[in-house]
1. For a quick protection proxy, order the peptides 30-40, 52-62 by their average other-Cβ count within 10 Å, most packed first.
2. Hey, what number do you get for the chain at 222 nm if only DSSP H runs of n ≥ 4 count, each worth -39500 (n - 2.57), divided across all residues, to the nearest 500?
3. Net charge around W38, counting only other residues with Cβ within less than 10 Å of its Cβ (Lys, Arg = +1; Asp, Glu = -1)?
4. For the chain, what does the accessible surface come to per residue with a 1.4 Å probe? Please give it in Å².
5. Over the chain, what percent of the accessible surface lies on carbon and sulfur atoms, probe 1.4 Å?
6. Run the numbers on the stretch 16-71 and let me know its relative contact order in percent, using alpha-carbon pairs under 8 Å that are six or more apart.
7. Return the tail of the calculated pair distribution for the chain, meaning the percent of Cα-Cα pairs more than 17 Å apart.
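The values are calculated or read from the model by the stated rules, or taken from the named source; none is laboratory data. Predicted model, so just to flag it, every value in this text is computed and none were measured. Note that we place each Cβ from the backbone using ideal geometry, even for glycine, and neighbour counts take in every protein chain shown. Heavy atoms of the whole protein, side chains included, go into the accessibility calculation; ligands, DNA and RNA do not. Shrake-Rupley method; radii C 1.70, N 1.55, O 1.52, S 1.80 Å.
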Amino acid sequence: MITNKPSADEMAGAEFRKSSYSGGGGNECVEVAHVRTWACVRDSKLMNGPAVAVPASAFAAVIDAVRSGTL
C-alpha cells in the first residue's frame, strides 16, 4: 500500500509547470509539479481540476523510457 500521498490541498498549492514542448496557447499539454517525493500531473486546461499523484521515481522512469524511444 502506498502511503503519504499528497493531499488535495498540497496539490492545489503546488507550483505546476508545463513542458517547453507545449504549444503557445497552453491548452495542449499536461502540467507537472513535485510535492515531496511525488509527481503530480494535471491537464493544463483544468488548472483547478483533479491531479494524479504518482511516485516521482515511477514518473522519472516513464520520462526516461519516452526519451530513449522505449515508449
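1. So the peptides 30-40, 52-62, ranked by packing, come out 30-40, 52-62.
2. Dividing the helical sum by the residues of the chain leaves -7000 deg cm²/dmol.
3. Local charge sum for W38: +1.
4. In whole numbers, the chain has 71 Å² accessible per residue.
5. 57
6. Worked out over the stretch 16-71, it gives 23 percent.
7. Tail of the P(r) past 17 Å holds 46 percent of the pairs.
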